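Contents: one structure, followed by commentary.
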Amino acid sequence: MILRAYGDSWTEGQGANVKKEKEFDNRNDLRDFRNEFSWVKLLSDKLEIENVNNGLSGQSNLKIFNQVVTDIMNGVISKNDLVIIMWS
């Protein structure tokens, strides 16, 4: 089982350490940093399962919905996965 989370900045983990976040120039490094302190990571650690955090700052509900549907259609999400969607 994998926890697959979808959402906006809250899901991505934005704001965990605003001062440290300002030091990142690379968007991917910033996202990795935020994900380490996100609710997704905390929950997956508690459940002792792997996580995939698809949260992204600025995501609209339409983009979140479309990503979930695309992942279902492409077989990214399996029937054993735990999927949590945090609407913006």
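The values are calculated or read from the model by the stated rules, or taken from the named source; none is laboratory data. Keep in mind that this is a model prediction, so the values were computed, not measured. So basically every Cβ, Gly included, is an ideal-geometry build from the backbone, and we count neighbours across all protein chains shown. These area figures cover heavy atoms from the full protein model, side chains too; ligands, DNA and RNA do not enter into them. Shrake-Rupley method; radii C 1.70, N 1.55, O 1.52, S 1.80 Å.
Couple of notes before you dig in:
- Residues within the range 36-54 that are open to solvent by 30 Å² or more (accessible area, probe 1.4 Å) and either within 21 Å of Asp81 (Cα to Cα) or in contact with a helix residue (DSSP H, G or I) (Cβ under 7 Å, 6 or more places away or on another chain) (or both), tallied: 13
- Residues within the range 1-25 that are polar (S, T, N, Q), open to solvent by 10 Å² or more (accessible area, probe 1.4 Å) and in a helix (DSSP H, G or I), tallied: 1
- Taken over the range 55-86, the criterion of being surrounded by 14 or more Cβ atoms within 10 Å (Cβ to Cβ), assigned to a loop (DSSP other than H, G, I, E, B) and not aliphatic (A, V, I, L, M) is satisfied by Gly55, Ser57, Gln59, Asp81.
- Enumeration of residues in the range 26-51 that are in contact (Cβ under 8 Å) with a residue 24 or more places away in the chain, over 21 Å from Gln67 (Cβ atoms) and part of a helix (DSSP H, G or I): Leu47
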